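Trainee: One structure follows; several queries about it will come next.
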Amino acid sequence: MLLMAKSTPNLWLSPPNHNHREHPVKFRSSFIIFKPSSRASHVSANLDHSCITIQPSVSLNGTIDCETVDYNAKICNFCQLGNLQMAMEMLHKSRNSKLELRTYCSVLQLCADLKSLRDGRKVHSIICSNEVAIDGILGAKLVFMYVTCGDLGEGRRVFDKIANEKVFLWNFLINEYAKIGNFRESIALFKRMQKLGIEANSYTFSCVLKCFAALGRIEEGERVHGYLLRLGFGSYNTVVNSLIAFYFKCRRIESARKLFDELSDRDVISWNSMISGYVSNGLAEKGLEVFKQMLCSGINTDLATMLSVLVACANISNLSLGRAVHSYAIKACLDGKITLNNTLLDMYSKCGNLEGAIRVFEKMDEKSVVSWTSMIAGYAREGLSDEAISLFREMEREGVSPDMFTITSILHACALNGSLENGKDIHNYISENNMQSSLSVSNALIDMYAKCGRMEDAHVVFSQMLVKDVASWNTIIGGYSKNCLPNEALNMFVEMQHGSKPDGITMACALPACASLAALERGQEIHGHILRNGFSSDRYVANALVDMYVKCGVLVLARLLFDMIPTKDLVSWTVMIAGYGMHGFGSEAIAAFNEMRHAGIEPDEVSFTSILYACSHSGLLDEGWRFFNIMKNDCNIEPKLEHYACMVDLLARTGNLLKAYRFIEKMPIEPDATVWGALLCGCRIHHDVKLAEKVAEHVFELEPENTGYYVLLANIYAEADKWEEVKNLRERIGRRGLKKNPGCSWIEVNGKVHIFVAGDSSHPQAKKIKIIIKKLRMKMKEEGYFPKTRYALIKADDVKKEVALCGHSEKLAMAFGILSLPPGKTIRVTKNLRVCGDCHEMAKFMSKKVRREIVLRDSNRFHHFKNGNCSCRGYW
């Protein structure tokens, strides 16, 4: 049936009626015969609308170009249907036709929607070949297509060629540059926009403030703040929220709070900005206060609120609130969100509730790499390295590829339990997947090898790094220092300064190396660096400085620096208490311990070890027992082997050998060689050979390879003139293939460390040193001091024994100090073993005769020799 044109005069020309839900009647084009209307020349102004209404081309004589009408209609129809292939085919067929701008825009929009850059470029080429002017809406659509399809460079080139006064396109480009982290280009566009007189809107300010915050450009951000206020955007929520986020990012917390307080119409984003801002600035408690105010104000929370609050709970270990938020999230049906579950995992593990984290993890339908990594990190945080490694293996089996955060977490787990083999496997994985270029991964590898005691492997990783940051240097320096390689640590510290600037952590890593060597001059150089660079306020650095001066024998300066620490933590007090103990000032150690408790700081296991050690080395028996009971009864700390060793040492040194033996027998835990060794030392002090033999068998059974205990028993036999027993003991040592650690002492003079080994005559000034010792020995005899030949440990006449004693390393070092240091300067010597009795007597005589203070640090404690007396008062 044919329909006459007069019955449908407005079918193509009337715009659709959007107020009605009726579908327009569809007619097949082959059946329609109509007469054109003059109304056909009207052009739709809105190019972003769908292509239901098509504007046909009109010739000069008033006739319609039907072919063009057909192409426009068909192309737009295909675009509506999302059929890019057919739309492109029609576009190619219509090359000689005058297509409407709207048609080009429809195809470009579809290219952007489908992210088809290849087709978008073809459309651009057709536009150019058809000599269509690229400006206005078409130019904007081209820019949008290129940027959306990932070619920001080409989009920018089109943008720069068009005259665009529409703010939305400027905002679009500013935002896209910000997305890829090119904040400087975003800001440059904003400034260019201002010069051209294009008025910014709220979105512009929101985006550009994020860019200033990311770059830390506070002053420019503040100028933008003033600019937007002048334009009247100060009351716009979106703008104020962005300003709050900007000030928090720049750590201007008071400015952010002021804006929030002045904002009358706060939305959920305003409250979320305040909560997350406080949390990200380490002020979790204040963030939670804002959250409570938010609830009281009746503001509905959203997922972002929950995430920020959970992070706050994790940061301050507020498990009860974290659980409450978890319950709220379940009621709000947010528990299916993977971001929430990942944050919950982190919260539970950081709050020490690993079981809660496991429950969340097991209930998750979808697990991302973040989920697995959070769980692995949770196990590692609890010291459950085996479980962390097992979970990592399971993650691999599930086909989830680890990222660099996963790798660093699993390396941390390997480092915690010294799992070198697993660590090496992870290293192989890193190499196979080319992940070693990540700084954090390489730093974690160095840390893992260092904590597994493999500094050679750690150094190989370090040396292969193309780029090293401060953390890399700190990790390698700290690794050397903790692995008893202080010289290597200090050498790396010097090397670091050629290309990198040390920070406070570097100082805290290098200072223990100085302390280990008793290298006072090097320590003072680092102290100067700390003062020049303003690191003194860092508590870790301050504690390390106090420790360094303590172990270098300058207790007065250590105390002075300790008093200057504004807020002392448990470590600060423990370092000072231990320092007093090492130097034999038991009463001062007790005073510091009591002062610490009055300051509201409760001692831990290490603090009690330090105070018991101090009591032991000052012969304070009653005080030692009192602290031991306080630890058990008042502080509910179960004594460990080190505490029992201190008590045995205290009893033994004060002559209570049998009490010490019975104390060991009644210990609730199995005593180790250190506990028995403390009693063996007491047997030597009080010359109890019979008990020493009994105790020694326990020690030899527990540590058969430790030559130090064999030498100690040999000394006991030698002092009792039991040379046959000394011979038998030496044969026993020989049969086991054991070697005695040679006595070694060192002294720092003019920044150079001079090392002396017992009996060594290789030092350039060996002859002068020998003459000084001989002269001092003669003067000692003249004044009634006679060599304690029992410490020679050889069966020979007294002359030969005396010659052997004269070669002890600490005597050589002290004599060198007399020769090399200016008059009146303190002589500071360090020895790797316990100082012998004869050297102790000679040091007292030296201090009196040459009028020098001598500070000798042996493996046990400090000895301050002055005017013929020693600070140890015989307790060493």
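Trainee: Please pick out the residue among Asn706, Asn656 that is in contact (Cβ under 8 Å) with a residue 24 or more places away in the chain, closer than 19 Å to Asp622 by Cα and among the polar types (S, T, N, Q). Spell out how you get there, then give the answer.
Mentor: Values: Asn706 fails: closer than 19 Å to Asp622 by Cα.
It is Asn656.
Trainee: Residues to consider are Lys166, Lys141, Lys161, Lys115; find the one that is among the basic types (Lys, Arg) and buried (at least 22 other Cβ atoms within 10 Å of the Cβ). Can you show your working first?
Mentor: Values: Lys166 fails: buried (at least 22 other Cβ atoms within 10 Å of the Cβ); Lys161 fails: buried (at least 22 other Cβ atoms within 10 Å of the Cβ); Lys115 fails: buried (at least 22 other Cβ atoms within 10 Å of the Cβ).
Residue meeting the stated conditions: Lys141.
Trainee: Still on this structure, please answer the following. Considering only residues that are β-branched (Val, Ile, Thr), crowded, with 19+ Cβ neighbours inside 10 Å and over 24 Å from Ala284 (Cα atoms), which ones fall in the stretch 348-400?
Mentor: Within the stretch 348-400, the first condition is being β-branched (Val, Ile, Thr), and the residues that meet it are 358, 360, 369-370, 373, 376, 389, 400.
Going one step further and asking which of them are crowded, with 19+ Cβ neighbours inside 10 Å, we end up with 360, 373, 376, 389.
Those that are β-branched (Val, Ile, Thr), crowded, with 19+ Cβ neighbours inside 10 Å and over 24 Å from Ala284 (Cα atoms): Ile376, Ile389.
Trainee: Also, quick follow-up: Among the listed residues Phe585, Phe608, which satisfies the condition of being free of Cβ contacts under 8 Å to residues at least 40 places away in the same chain and either in contact with a Lys or Arg (Cβ under 6 Å, 6 or more places away or on another chain) or at negative phi (or both)? Write out each step before concluding.
Mentor: Working: Phe585 fails: free of Cβ contacts under 8 Å to residues at least 40 places away in the same chain.
So the residue among Phe585, Phe608 that is free of Cβ contacts under 8 Å to residues at least 40 places away in the same chain and either in contact with a Lys or Arg (Cβ under 6 Å, 6 or more places away or on another chain) or at negative phi (or both) is Phe608.
Trainee: Within the stretch 414-448, how many residues are surrounded by 18 or more Cβ atoms within 10 Å (Cβ to Cβ) and either acidic (Asp, Glu) or in contact (Cβ under 8 Å) with a residue 60 or more places away in the chain (or both)?
Mentor: 1
For every residue, the table says whether it meets (1) β-branched (Val, Ile, Thr); (2) at pLDDT below 90; (3) within 23 Å of His763 (Cβ to Cβ).
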{"residue": "Gly817", "(1), (2), (3)": "no, no, yes"}
{"residue": "Ile827", "(1), (2), (3)": "yes, no, yes"}
{"residue": "Asp838", "(1), (2), (3)": "no, yes, yes"}
{"residue": "Met842", "(1), (2), (3)": "no, yes, yes"}
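Trainee: When the residues of the stretch 561-577 are filtered to those that are crowded, with 18+ Cβ neighbours inside 10 Å and of a type in the set (A, V, I, L, M, F, W, C), which remaining residue is farthest from Asp858 (Cα to Cα)?
Mentor: Quick first cut of the stretch 561-577, residues crowded, with 18+ Cβ neighbours inside 10 Å only: 561-562, 565, 568, 571-577.
Add one more test, that the residue is of a type in the set (A, V, I, L, M, F, W, C), and what stays is 561-562, 565, 571, 573, 575-577.
Values: Leu561: 24, Phe562: 24, Ile565: 29, Val571: 24, Trp573: 23, Val575: 18, Met576: 19, Ile577: 19 Å.
Of everything passing the filter in the stretch 561-577, Ile565 is farthest from Asp858 (Cα to Cα).
Trainee: Using beta carbons and a limit of 9 Å, which pairs, at least six apart or on different chains, have the first residue in the stretch 81-93 and without any contact (Cβ under 8 Å) to a residue 24 or more places away in the chain and the second one among the hydrophobic types (A, V, I, L, M, F, W, C) and loosely packed, with under 14 Cβ neighbours inside 10 Å?
Mentor: Hits for this filter: Ala87/Leu81.
Trainee: Do you know which residues across the stretch 218-234 are in contact (Cβ under 8 Å) with a residue 12 or more places away in the chain and part of a loop (DSSP other than H, G, I, E, B)? Reasoning before the result, please.
Mentor: Narrowing the stretch 218-234 to residues in contact (Cβ under 8 Å) with a residue 12 or more places away in the chain: 218, 220-221, 224-225, 228, 231, 233.
Across the stretch 218-234, the qualifying residues are Leu231, Phe233.
Trainee: Does the stretch 748-755 include one or more residues that are of a type in the set (D, E, K, R) and exposed (fewer than 15 other Cβ atoms within 10 Å of the Cβ)?
Mentor: Keep residues of the stretch 748-755 that are of a type in the set (D, E, K, R), which gives 748, 752.
Now drop any that are not exposed (fewer than 15 other Cβ atoms within 10 Å of the Cβ), which leaves 752.
Checked the stretch 748-755: at least one residue is of a type in the set (D, E, K, R) and exposed (fewer than 15 other Cβ atoms within 10 Å of the Cβ).
Trainee: Additional query: Quick check on Tyr580: is it surrounded by fewer than 23 Cβ atoms within 10 Å (Cβ to Cβ), of a type in the set (Phe, Trp, Tyr), free of Cβ contacts under 8 Å to residues at least 60 places away in the same chain and assigned to a helix (DSSP H, G or I)? If you could, list the steps in order and put the result at the bottom.
Mentor: Details: surrounded by fewer than 23 Cβ atoms within 10 Å (Cβ to Cβ): no; of a type in the set (Phe, Trp, Tyr): yes; free of Cβ contacts under 8 Å to residues at least 60 places away in the same chain: yes; assigned to a helix (DSSP H, G or I): yes.
Criteria not met by Tyr580.
Trainee: When the stretch 695-722 is examined, which residues are found to be exposed (fewer than 14 other Cβ atoms within 10 Å of the Cβ) and either in contact with a Gly (Cβ under 6 Å, 6 or more places away or on another chain) or more than 22 Å from Leu833 (Cβ to Cβ) (or both)? Reasoning before the result, please.
Mentor: Step one: filter the stretch 695-722 for residues exposed (fewer than 14 other Cβ atoms within 10 Å of the Cβ), giving 697, 701, 704-705, 721.
Within the stretch 695-722, Glu697, Glu701, Asp721 meet the criteria.
Trainee: From the list Gly479, Gly534, which one is surrounded by fewer than 17 Cβ atoms within 10 Å (Cβ to Cβ) and either assigned to a loop (DSSP other than H, G, I, E, B) or in contact with an Asp or Glu (Cβ under 9 Å, 6 or more places away or on another chain) (or both)? I'd like the intermediate steps shown before the answer.
Mentor: Values: Gly479 fails: surrounded by fewer than 17 Cβ atoms within 10 Å (Cβ to Cβ).
Of the residues listed, the single one that is surrounded by fewer than 17 Cβ atoms within 10 Å (Cβ to Cβ) and either assigned to a loop (DSSP other than H, G, I, E, B) or in contact with an Asp or Glu (Cβ under 9 Å, 6 or more places away or on another chain) (or both) is Gly534.
Trainee: Turning to a different aspect of this structure: Any residue at all in the stretch 272-283 that is in contact with an Asp or Glu (Cβ under 8 Å, 6 or more places away or on another chain), closer than 22 Å to Ile338 by Cα and either surrounded by 16 or more Cβ atoms within 10 Å (Cβ to Cβ) or of a type outside the set (Ser, Thr, Tyr) (or both)?
Mentor: Yes, the stretch 272-283 has at least one match.
Trainee: Follow-up. Are any residues in the stretch 409-464 at pLDDT 90 or above and not in a helix (DSSP H, G or I), and if so, which ones?
Mentor: Correct list: Cys452, Gly453, Arg454.
Trainee: Output yes when any residue across the stretch 612-627 is more than 22 Å from Cys872 (Cα to Cα) and either aliphatic (A, V, I, L, M) or buried (at least 18 other Cβ atoms within 10 Å of the Cβ) (or both), and no when none is.
Mentor: No, the conditions are met nowhere in the stretch 612-627.
Trainee: Right, next: Got a number for residues in the stretch 235-245 being of a type in the set (S, T, N, Q), surrounded by 15 or more Cβ atoms within 10 Å (Cβ to Cβ) and assigned to a loop (DSSP other than H, G, I, E, B)?
Mentor: 0
Trainee: Output the number of residues of the stretch 291-333 satisfying the condition of being of a type in the set (A, V, I, L, M) and closer than 17 Å to Glu362 by Cα. Outline the logic, then answer.
Mentor: Filtering the stretch 291-333 for residues of a type in the set (A, V, I, L, M) gives 294-295, 299, 303-304, 306-307, 309-312, 314, 316, 319, 321, 324-325, 329-330, 332.
Narrowing the set further to residues that are closer than 17 Å to Glu362 by Cα leaves 330.
So the count comes out to 1.
Trainee: Within the stretch 587-605, can one find any residue that is closer than 30 Å to Asp721 by Cα, surrounded by fewer than 19 Cβ atoms within 10 Å (Cβ to Cβ) and among the hydroxyl-bearing types (Ser, Thr, Tyr)? I'd like the intermediate steps shown before the answer.
Mentor: Applying the first criterion (closer than 30 Å to Asp721 by Cα) to the stretch 587-605 yields none.
No, the stretch 587-605 contains no residue that is closer than 30 Å to Asp721 by Cα, surrounded by fewer than 19 Cβ atoms within 10 Å (Cβ to Cβ) and among the hydroxyl-bearing types (Ser, Thr, Tyr).
Trainee: Quick one: is Leu570 modelled with pLDDT of 95 or more and under 27 Å from the mean Cα position of the chain (by Cα)? Working first, answer last.
Mentor: Working: modelled with pLDDT of 95 or more: yes; under 27 Å from the mean Cα position of the chain (by Cα): yes.
In short, yes.
Trainee: Still on this structure: Yes or no: the stretch 757-771 includes at least one residue that is over 13 Å from Cys839 (Cα atoms), at pLDDT 85 or above, among the hydrophobic types (A, V, I, L, M, F, W, C) and over 53 Å from the mean Cα position of the chain (by Cα).
Mentor: Looking for residues that are over 13 Å from Cys839 (Cα atoms), at pLDDT 85 or above, among the hydrophobic types (A, V, I, L, M, F, W, C) and over 53 Å from the mean Cα position of the chain (by Cα), one finds at least one in the stretch 757-771, hence yes.
The values are calculated or read from the model by the stated rules, or taken from the named source; none is laboratory data. Keep in mind the model is a prediction, meaning the values are calculated, not measured. In this analysis, Cβ positions are derived from the backbone assuming ideal geometry, glycine residues included, and neighbour counts consider all displayed protein chains.
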